[in-house]
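These notes concern the structure reproduced below.
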Amino acid sequence: MTCLFPAGAPPGQRLPPGHVRPRCRDWPDGGSQAEAWLMAQSSGPRSLEMGTAEMVATAPLLPPADLSNRIARTAGGLTLRLRLLLAFGLLTLGVALVGGLAMDRLGALNDKAAVIRDNWLPSTAVNGQMISAIKSHRLAEARLLFAPEADLERSLQALDQRNQDVEIARRDYQQYIVMNTEDEQRLNAFDQAWAAGQQYQMRLRDLVREHDRDQAIALYNGPLRDADTQATDAILRDLAFNVNQGRATAREGNAIYAATRALLWSAIGLAVVTGAGLAWLAIRTIAAPIQAMTLATEAFAQGHYGHPLPCTDRRDEIAGLAAALAVLRDKSAERDRLIATRTNEAQSLSAAKTEAETNLATLRQLQDQLVESEKLAALGSLVAGVAHEVNSPLGVAVSASSTLALETKRFLAAIEAGQLRQSTVDRFARVARDSTDLLERNLDRATTLVQHFKQVAVDRASSQRRRFNLGEMVSDTLTTLGPMLRRASYRVETAIPDGIDLDSYPGPLGQVLTNLIQNAELHAFDAALPARERQTTGQLLRIEASRSARDVTLRVQDNGAGMGEDVRRRLFEPFFTTKMGQGGSGLGMHIVYNIVTGILGGAIAVASTPGKGTTVTLTVPLMAPHNADDEPSSSPGEPG
Ligand SMILES: Nc1ncnc2c1ncn2[C@@H]1O[C@H](COP(=O)(O)OP(=O)(O)OP(=O)(O)O)[C@@H](O)[C@H]1O
Ligand SMILES: [Mg+2]
């Protein structure tokens with residue numbers, strides 16, 4: 001009763017294997033010590049410091065298998081149900097026994113009362129009536145003695161009347177009382193005395209009628225009185241007997257009453273003691289364990305899984321409850337552990353996410369910076385390339401112009417010296433022709449390069465947006481390329497369905513188409529073939545289009561040389577060309593890419609097989625994305 005926690009196992013500490021927590025009877029006062037411990041756990045610093053993991057670590061007091069065994073064994077023990085049934089059964093049996101006994105005693109008491117009421121009391125009354133009748137009869141005899149002459153007859157009649165009263169009382173006596181020989185003996189004694197008395201009364205009547213008062217008084221006080229006294233004594237004996245019998249019966253009744261009362265008091269005392277015992281038992285076996293279990297449940301609910309689990313040593317329903325509570329506790333502990341783990345994980349995840357977001361932002365920033373620097377680098381290389389490219393024709397132009405200037409100077413000097421000869425004129429004319437030819441071609445080349453450079457920058461301000469028909473646009477482009485196509489060794493075939501109208505930028509789209517046709521001319525087909533053989537060579541450039549609800553697909557396909565994967569991969573790089581110094585600058589496809597994905601808002605794909613040809617597929621929206629520089633679009637056909 002004094003040991004709440006077994007030695008060496010304070011609450012919250014793991015028990016050595018095989019140990020169990022305090023047993024139910026270790027909770028003497030309904031677990032008030034446990035309550036104090038629980039309060040200390042809830043408020044003390046230990047509970048604050050005690051992490052879920054620690055609490056969980058202290059939790060498993062009974063392995064689950066042991067618990068289920070315990071639950072199973074509960075069925076074999078003297079269960080609470082059985083105990084309660086036994087207690088109440090015994091109590092009911094006791095009450096029934098005592099009640100039955102008390103009823104029996106009350107019946108006996110009632111019998112005694114009935115005997116008094118039906119036997120002794122009526123007998124006594126009849127005795128009294130008889131004694132009273134005898135007394136009245138004796139009084140009537142006395143009155144007769146002193147009756148005046150006038151009242152003599154009335155007194156005699158009164159005496160007859162009193163005699164009759166005694167006779168009636170005697171009949172009643174005989175009827176109600178005489179039952180045994182003793183009664184008969186007493187009646188016989190009365191009858192003898194009464195008969196003698198009647199004899200003497202006859203004599204008395206005669207003496208009164210004869211007015212012999214002295215003789216009459218002597219008779220009255222002598223033999224008549226003796227006879228009356230004997231008769232009265234006989235009845236008085238019976239009266240005494242009756243009264244005694246009545247008293248004896250009453251005493252018996254009293255004894256029964258006293259015994260019954262003692263029995264009832266004992267039963268009450270026993271009931272009080274048994275009730276108190278039962279109450280104590282109920283408190284000890286039901287209320288206290290339930291309170292201990294409640295405390296344990298509260299402790300578990302607050303996460304103190306190290307709180308001792310009471311009642312595990314019992315073999316009844318409470319033990320089953322304890323076992324179930326242990327399962328609940330273990331599950332809760334497991335759940336808390338999981339929650340703690342998940343919380344930690346979530347916190348780690350959140351921290352990792354924040355870190356990743358920060359890293360991503362940094363990366364984006366770096367990427368932007370990289371893109372910017374790449375752009376700058378691209379622009380730089382573009383400028384360098386352009387400078388280099390422009391430099392060559394300009395250099396040729398400069399040397400051509402200086403050659404021309406030198407020759408002009410010589411020519412003028414010859415004129416001034418008057419030494420102008422035919423050969424000098426011819427030479428000057430040749431140099432002038434070659435120089436101007438060189439100048440013209442190289443300046444033209446430089447101009448073209450500068451124009452390309454402008455396209456690379458996709459000068460949107462110069463591009464006008466309008467509604468136009470795709471077929472017309474393609475046809476116009478082919479017309480502008482007429483001189484080139486007329487000399488070409490390949491056929492050009494178009495398949496553009498009618499009615500494909502776009503709200504887009506015809507200038508840039510025309511530029512794209514021009515570049516693709518020029519590429520086919522320059523890279524795909526054998527330009528050495530004469531144009532007149534184009535029907536027989538089978539070299540073909542096909543331009544076809546199809547549309548969907550939102551887009552138009554333009555395919556420029558040649559069956560020429562095609563290109564290898566290494567070329568195709570670098571196709572859109574600025575200044576990537578396989579025709580360096582042979583008319584290629586490597587900007588054409590870069591410009592195409594910028595225009596298609598930029599101002600036209602579309603996509604470009606290139607498929608090519610060496611020796612079989614190349615297909616460039618553009619997919620552009622029917623309505624190009626709007627740019628800040630857009631002017632209000634005009635109707636198709638209006639000049640762009
Ligand atoms: N239709 C094609 N068939 C085969 N090769 C092609 C075709 N179009 C492009 N190429 C290859 O792609 C390279 C890059 O083309 P791009 O148009 O960018 O430059 P370029 O034509 O060489 O010079 P530029 O167009 O600036 O005059 C070409 O040098 C060529 O090798
Ligand atoms: Mg090109």
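The values are calculated or read from the model by the stated rules, or taken from the named source; none is laboratory data. In this text, all values refer to a predicted model and were calculated from it rather than measured experimentally. Here the Cβ positions follow ideal geometry from the backbone for every residue, glycine too, while neighbour counts run over all protein chains shown. Remember, those area values only see protein heavy atoms, side chains included, never the ligands or the DNA or RNA. Shrake-Rupley method; radii C 1.70, N 1.55, O 1.52, S 1.80 Å.
GLY499 passes every criterion in (1) assigned to a helix (DSSP H, G or I); (2) more than 15 Å from ligand 1 (Cβ to nearest atom); (3) open to solvent by 20 Å² or more (accessible area, probe 1.4 Å) apart from (1). Suppose we filter the stretch 536-566 for residues that are over 30 Å from GLU472 (Cβ atoms) and either in a loop (DSSP other than H, G, I, E, B) or touching a Phe, Trp or Tyr at 6+ places or on another chain (Cβ under 8 Å) (or both); how many remain? Within the stretch 536-566, residues that are over 30 Å from GLU472 (Cβ atoms) and either in a loop (DSSP other than H, G, I, E, B) or touching a Phe, Trp or Tyr at 6+ places or on another chain (Cβ under 8 Å) (or both) number 4. Scanning for something within 16 Å of ligand 2 (Cβ to nearest atom), in a loop (DSSP other than H, G, I, E, B) and touching a Lys or Arg at 6+ places or on another chain (Cβ under 7 Å), does the stretch 519-535 turn up at least one residue? No, the stretch 519-535 has no match at all. For residues in the stretch 510-550 being open to solvent by 60 Å² or more (accessible area, probe 1.4 Å) and basic (Lys, Arg), which is farthest from ligand 1 (Cβ to nearest atom)? Applying the filter and picking the extreme gives ARG550. The lone criterion from (1) more than 6 Å from ligand 1 (Cβ to nearest atom); (2) in contact with a strand residue (DSSP E or B) (Cβ under 8 Å, 6 or more places away or on another chain) left unmet by THR578 is number (1). With respect to the conditions (1) open to solvent by 20 Å² or more (accessible area, probe 1.4 Å); (2) out of contact with any Ser or Thr (no Cβ under 9 Å at 6 or more places or on another chain); (3) hydrophobic (A, V, I, L, M, F, W, C), LEU239 lacks only one, and its number is (2).
Taking LEU571 as the residue in question, decide whether it is away from ligand 2 (no atom under 15 Å from the Cβ) and open to solvent by less than 60 Å² (accessible area, probe 1.4 Å).
Considered against the rule, which asks whether it is away from ligand 2 (no atom under 15 Å from the Cβ) and open to solvent by less than 60 Å² (accessible area, probe 1.4 Å), LEU571 comes out as no.
For the residues LEU152, LEU187, the requirement of being under 24 Å from GLN215 (Cβ atoms) and open to solvent by less than 70 Å² (accessible area, probe 1.4 Å) singles out LEU152. For MET563, the criteria (1) crowded, with 17+ Cβ neighbours inside 10 Å; (2) more than 8 Å from ligand 1 (Cβ to nearest atom) hold in every case but one, which is (2). For the stretch 426-438, the set of residues classified as farther than 20 Å from GLY395 by Cβ and open to solvent by less than 50 Å² (accessible area, probe 1.4 Å) consists of PHE428 only.
One line per residue, one yes/no per condition, for (1) under 20 Å from ASN221 (Cα atoms); (2) in contact (Cβ under 8 Å) with a residue 40 or more places away in the chain; (3) open to solvent by 20 Å² or more (accessible area, probe 1.4 Å); (4) not basic (Lys, Arg):
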site: GLU141; (1), (2), (3), (4): yes, yes, no, yes
site: LEU156; (1), (2), (3), (4): yes, yes, no, yes
site: GLN175; (1), (2), (3), (4): no, no, yes, yes
site: GLU182; (1), (2), (3), (4): no, yes, yes, yes
site: ALA196; (1), (2), (3), (4): yes, no, yes, yes
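Taken over the stretch 574-618, residues that are open to solvent by less than 20 Å² (accessible area, probe 1.4 Å), part of a loop (DSSP other than H, G, I, E, B) and under 21 Å from ALA561 (Cα atoms) amount to 3.
The single residue among GLY99, GLY128 that is on the phi < 0 side of the Ramachandran plot, in a helix (DSSP H, G or I) and under 60 Å from the mean Cα position of the chain (by Cα) turns out to be GLY99. Of the residues making up the stretch 258-273, one or more are crowded, with 18+ Cβ neighbours inside 10 Å, assigned by TED's automatic domain parsing to the domain that holds GLU184 and either closer than 30 Å to ILE134 by Cα or in contact with a Lys or Arg (Cβ under 9 Å, 6 or more places away or on another chain) (or both).
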